[in-house]
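Chemist: Here it is: the structure, laid out below.
Coordinate-derived values only; no laboratory data. Remember, predicted model here, so these are calculated numbers, not experimental data. Please note: Cβ atoms are built from the backbone with ideal geometry, for glycine as well, and neighbour counts cover all protein chains shown.
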Amino acid sequence: MTDSRLLVSLLRDPPAAGTLDPAQWTELIAVARAESLIGTLAYQLRAVGLPATVERILEQARGAAEQARRQALWEAEMARRALAPLGVPIVLLKGTAYAAAGLSAGAGRSIGDLDILVPRGALPQVEEALLAAGWEWVKEDAYDDLYYRRWMHELPPLIHRERDRMIDVHHTILPLTAGPTPDAEAMIGDSQAIENGLRVLGPADMVMHAVAHLFADGDMAGGLRNLWDIDRMLRQFASGADFWKELAARARRHQLQAQLGRALRLAAKLYETPVDPQLAGRRRLSDALFEQRLLARNGWGQGTRSALRLVFYIRSHWMRMPPLMLARHLWQKARKS
Amino acid sequence: MKHALNLQVGPVGFRVGSDWRGPVAALRALYRGYPEPDVCDFSVRLEPEQPWRRWLKPSVAIRGDYILPDAAPLALPHGLLAAEMGMNLQMALGQKHYLLLHASAVERDGKAVLMTGASGSGKSTLAAMLGEHGWRFMGDEFALLDFDTGDLHPFPRAISLKNHAIYAMAELASSERFGPWLRGTPKGTIRHLRPRDEAIARMAEPARPVLILFPRFDKAVPRAIRPVGAAEVFVRLTQASTNYVALGERSFAALTRLVINLPSRAIDYSDGSSAIEMVEALWAELGQ
Amino acid sequence: MVRVELDGLTALFHRPSGMTHILAPPAPQLLDALAESSATAAELAERLGRSFQIDGGADEMAARLAELEAAGLVQRV
């Protein structure tokens with residue numbers, strides 16, 4: 001296997017798993033773990049007859065995903081208990097939101113930190129309430145702290161001293177230095193309550209957040225997983241009346257039309273996601289680079305195409321910050337390391 | 001990767017890849033006679049920490065399906081140790097089919113003794129010695145507890161002997177079962193010992209645990225045996241398990257069942273032969 | 001919750017969090033009392049006082065309750 005294509009094709013077409021030989025299985029499992037997609041793969045292949053060893057490995061991945069889901073929901077519940085007295089809307093984001101809302105994007109998905117979105121004006125109270133309930137700053141570094149508070153879209157990360165779990169408190173979904181400025185207020189305004197009083201984004205905003213996350217957050221690392229989230233949501237939400245129209249409107253509002261188009265084209269190409277052709281737009285030459293970057297991994301799970309990775313790494317920093325600020329940031333990082 | 005080996009240890013298949021010939025060749029020699037898995041549970045990669053470190057002051061980074069971001073690389077002559085650590089790491093972070101106990105185990109008549117304790121307690125050496133004295137060696141690092149049956153599954157990888165234990169075992173086992181001397185490793189001097197052929201041949205055969213021991217090697221203390229309360233055993237075993245939390249309620253049920261049903265003893269010993277006598281005496285006392 | 005008695009202590013598995021706790025008296029009895037209905041620290045001291053000797057009364061109850069709340073085993077209503 002020269003890239004992650006086998007993983008992508010099996011996620012899309014589970015019955016094709018019947019033709020794999022043992023060496024291919026070993027490679028596939030290593031790649032799926034490297035892409036944090038092993039639980040998703042295990043879920044997709046749950047109804048396919050598999051060799052006993054493979055079935056045992058995937059069964060473990062499903063169990064681990066179930067445990068991750070339980071822990072993530074508990075962490076959200078503990079944050080809810082800490083923040084409920086404030087009476088401000090608490091919007092769950094990413095993996096925890098998919099799990100809490102029971103979306104198919106959450107099936108088998110790995111979940112890392114707890115990400116929540118709160119109104120910017122409520123940040124000081126939220127910070128204070130979390131600190132009072134046992135969360136602590138991860139880093140005690142003045143530069144990092146200043147950097148976060150001035151330029152980032154979230155508080156510096158907090159970790160709970162007993163449960164050892166991180167929380168990221170966002171007040172918008174992209175760094176303040178990034179080009180597009182999504183309308184966080186509108187996102188919170190259109191969020192939907194789930195049964196315990198926590199909230200999740202509306203369908204179109206949820207897709208738009210995943211799109212922003214895919215391109216603007218980091219260097220496309222974990223991109224196959226992020227794109228899979230988008231595929232699952234589009235398939236699930238597309239049946240809603242006017243979904244595509246709503247999605248187009250939200251992309252415009254959040255200034256993420258180009259990013260949405262690219263995400264739709266990549267999802268259609270890799271996962272055969274049914275998409276609105278007009279929103280997807282015409283294929284661009286650079287799409288091929290993104291596709292290669294997403295698939296740049298060999299059968300040992302190692303990242304390949306280091307030159308291409310480097311280009312995307314620099315690009316990701318470029319996108320988040322104007323050049324002068326980037327230079328200052330890299331200088332500070334270099335001085336500290 | 002350039003060099004690779006598939007290795008079955010107990011119920012677990014490993015694929016070990018390396019950018020250098022040495023570590024895989026050493027692994028192949030040490031693990032002679034072990035079966036080869038078809039699909040591997042885990043992949044371990046021994047690769048240069050930075051691309052140029054393949055030739056220039058070669059340093060072996062331990063990577064794989066699961067990694068510790070801050071794991072220090074090892075010098076190339078210690079590549080065999082890197083492979084062992086890589087396999088252990090995959091088990092510690094990735095094994096979810098069994099409750100993984102950081103413990104050694106030996107078996108007789110289908111019944112197993114589980115031995116756990118901090119690093120340096122001598123549980124590994126004790127298991128190795130019992131393995132040469134009429135017991136089947138099941139593992140010196142990990143014991144795998146089966147959720148459905150309550151049985152222990154062997155994980156009989158090569159025994160990692162440190163410092164003085166190397167000399168003690170050299171008197172008991174033939175030299176062809178030993179791996180190369182690894183001097184100056186972060187853990188001191190290490191030599192690996194391949195278990196007896198019977199332990200390898202019966203690696204798929206589980207056993208019923210009947211006794212939990214907390215051995216403690218200390219030259220300065222007199223030999224002693226004392227019972228350990230169920231709550232203490234439970235807490236110590238949860239601490240000795242790398243995946244207890246990740247497996248949730250199943251591990252709670254399996255572990256509480258184990259500590260309620262099995263007798264537990266702490267044993268202090270100052271030399272190998274008295275430890276073996278103590279284990280034999282306990283075994284007889286329990287009517288096994 | 002699943003509970004197992006281990007010589008005088010209680011091992012408790014809390015399903016929603018997936019966490020294991022080792023509880024010493026009076027924490028298990030407190031959880032039992034709260035399982036009937038929610039109550040203040042003073043009411044709990046009163047309820048438990050009927051069957052057990054409680055040293056420290058309501059203050060003791062409040063301290064134990066705070067520990068159980070931090071562990072997520074009880075919550076304010």
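Chemist: In Å, what Kirkwood hydrodynamic radius results for region C:24-77 from the alpha-carbon pair distances?
Modeler: Computed over region C:24-77, the radius equals 10.9 Å.
Chemist: Taking the number of other C-beta atoms within 10 Å as the exposure measure, put B:Val235, B:Val210, B:Val39, B:Val44 in order starting with the fewest.
Modeler: Listed from fewest to most nearby Cβ atoms, that is B:Val235, B:Val210, B:Val39, B:Val44.
Chemist: According to a simple spin-label model (label point 7 Å from Cα along Cα-to-Cβ), what is the distance in nm between B:Val221 and A:Arg80?
Modeler: 4.8 nm
Chemist: In terms of modelled amide H atoms, which long-range or inter-chain residues lie less than 5 Å from the amide H of A:Asp168?
Modeler: Amide H neighbours of A:Asp168: A:Leu114, A:Asp115, A:Ile116.
Chemist: Continuing with this model, one more query. Quick one: angle between helix C:27-36 and the longest Cα principal axis of chain C, in degrees between 0 and 90, rounded to 10, please.
Modeler: 80 degrees
Chemist: Rounded, prolate or oblate: which one fits the protein assembly as shown, using the alpha carbon gyration tensor with axes a ≥ b ≥ c (rounded when a/c is under 1.5, else prolate when a/b beats b/c, else oblate)?
Modeler: oblate
Chemist: Now, a different point. Residue by residue through region B:157-164, which ³J(HN,Hα) values in whole Hz follow from phi under the Karplus form 6.51 cos²θ - 1.76 cosθ + 1.60 (θ = phi - 60°), with glycine and proline marked x?
Modeler: 6, 4, 7, 8, 9, 10, 6, 5
Chemist: All other residues with a Cβ under 13 Å from the Cβ of B:Ala199 taken together, and with Lys, Arg as +1 and Asp, Glu as -1, what is their net charge?
Modeler: +1
Chemist: For peptide B:120-133, what's the mean number of Cβ atoms from other chains within 10 Å of each residue's Cβ?
Modeler: 0
Chemist: Which of B:Val16, C:Val77, A:Val118 comes first, and how do the rest follow, when ranked by fewest Cβ neighbours within 10 Å?
Modeler: In increasing order of surrounding Cβ atoms, one gets C:Val77, A:Val118, B:Val16.
Chemist: Using a simple charge model, +1 on the beta-carbon of Lys and Arg, -1 on the beta-carbon of Asp and Glu, nothing else, what dipole does chain A show about its Cα centre, in debye to the nearest 20?
Modeler: 900 debye
Chemist: Tell me, A:Trp244, B:Trp52 in order of fewest to most beta-carbon neighbours within 10 Å?
Modeler: Values: A:Trp244 17, B:Trp52 10.
The most exposed by this proxy come first: B:Trp52, A:Trp244.
Chemist: Where both partners of a DSSP beta bridge lie in the protein assembly as shown, what percent of those bridges are antiparallel, to the nearest 5?
Modeler: 75 percent
Chemist: List every residue whose amide H lies under 5 Å from the amide H of B:Arg157, counting only residues 5 or more places away in sequence or on a different chain, with H placed 1.01 Å from N in the peptide plane.
Modeler: B:Asp140
Chemist: Using +1 on the beta carbon of Lys and Arg, -1 on that of Asp and Glu, and nothing else charged, what's the dipole of the protein assembly as shown about the Cα centre, debye to 20?
Modeler: The dipole of the protein assembly as shown has a size of about 2520 debye.
Chemist: If R₀ is 25 angstrom, what is the calculated FRET efficiency for the pair A:Asn196 and A:Glu136, using the beta carbon separation as r and rounding to 0.05?
Modeler: Values: r = 25 Å, r/R0 = 1.00.
E between A:Asn196 and A:Glu136, to the nearest 0.05, is 0.50.
Chemist: Taking R0 as 41 Å, what's the FRET efficiency between C:Ser51 and A:Glu66 from their Cβ-Cβ distance, rounded to 0.05?
Modeler: The calculated FRET efficiency here is 0.55.
Chemist: In whole Å, how far is the Cα centre of region A:201-259 from that of region B:209-238?
Modeler: Region A:201-259 and region B:209-238 have Cα centres spaced 56 Å from each other.
Chemist: Right, another one. Whole number please: convex hull volume per residue of the Cα set in chain A, in Å³? Intermediate results must be reported in sequence, preceding the final value.
Modeler: On the way: hull volume 49.5 nm³, N = 337.
Per residue, the Cα convex hull of chain A comes to 147 Å³.
Chemist: Quote the FRET efficiency, to the nearest 0.05, computed for C:Asp59 versus C:Arg15 with a Förster distance R0 of 35 Å and r equal to the Cβ-Cβ distance.
Modeler: The value I calculate is 0.70.
Chemist: Could you order peptides B:132-145, A:267-280 by the average number of other Cβ atoms within 10 Å of their residues, highest first?
Modeler: So the order, starting with the most tightly packed, is B:132-145, A:267-280.
Chemist: At what distance in nm do the modelled label points of B:Arg108 and A:Asp242 sit from each other, each positioned 7 Å from its Cα along Cα→Cβ?
Modeler: Placing both labels 7 Å along Cα→Cβ, they lie 8.0 nm apart.
Chemist: Please compute, for peptide A:70-81, the average count of beta-carbon atoms on other protein chains lying within 10 Å of each residue's beta-carbon.
Modeler: Across A:70-81, the average partner-chain Cβ count within 10 Å equals 3.
Chemist: Same structure, new question: Counting only other chains, what is the mean number of Cβ atoms within 10 angstrom of the Cβ of each residue in peptide C:6-16? Intermediate values should be presented prior to the final figure.
Modeler: Values: counts 10, 8, 3, 6, 1, 10, 1, 7, 3, 5, 5.
For this peptide, the per-residue mean of nearby foreign Cβ atoms is 5.
Chemist: Moving to a separate point now. Taking springs between alpha-carbon atoms closer than 10 angstrom, which of B:Gly117, B:Gly188, B:Gly22 fluctuates most in the Gaussian network model of chain B?
Modeler: Judging by the Gaussian network model, the answer is B:Gly188.
Chemist: Once each part is reduced to its C-alpha centroid, what is the distance from region C:10-75 to region A:147-175 in angstrom?
Modeler: If we compute the Cα centre of each part, the gap is 33 Å.
Chemist: Rounded to the nearest 500, what is the 222 nm mean residue ellipticity of chain C from helices alone, with -39500 (n - 2.57) per DSSP H run of 4+ residues and division by all residues?
Modeler: -13000 deg cm²/dmol
Chemist: May I ask you to evaluate 6.51 cos²θ - 1.76 cosθ + 1.60, the Karplus curve with θ = phi - 60°, for each residue of region C:12-17 and list the ³J(HN,Hα) values in order in whole Hz, giving x for glycine and proline?
Modeler: Coupling constants for region C:12-17: 10, 9, 9, 4, x, 9 Hz.
Chemist: Right, next: Going highest first, how would you order A:12-18, C:17-23 by mean Cβ packing within 10 Å?
Modeler: Averaged packing, sorted descending, gives the order C:17-23, A:12-18.
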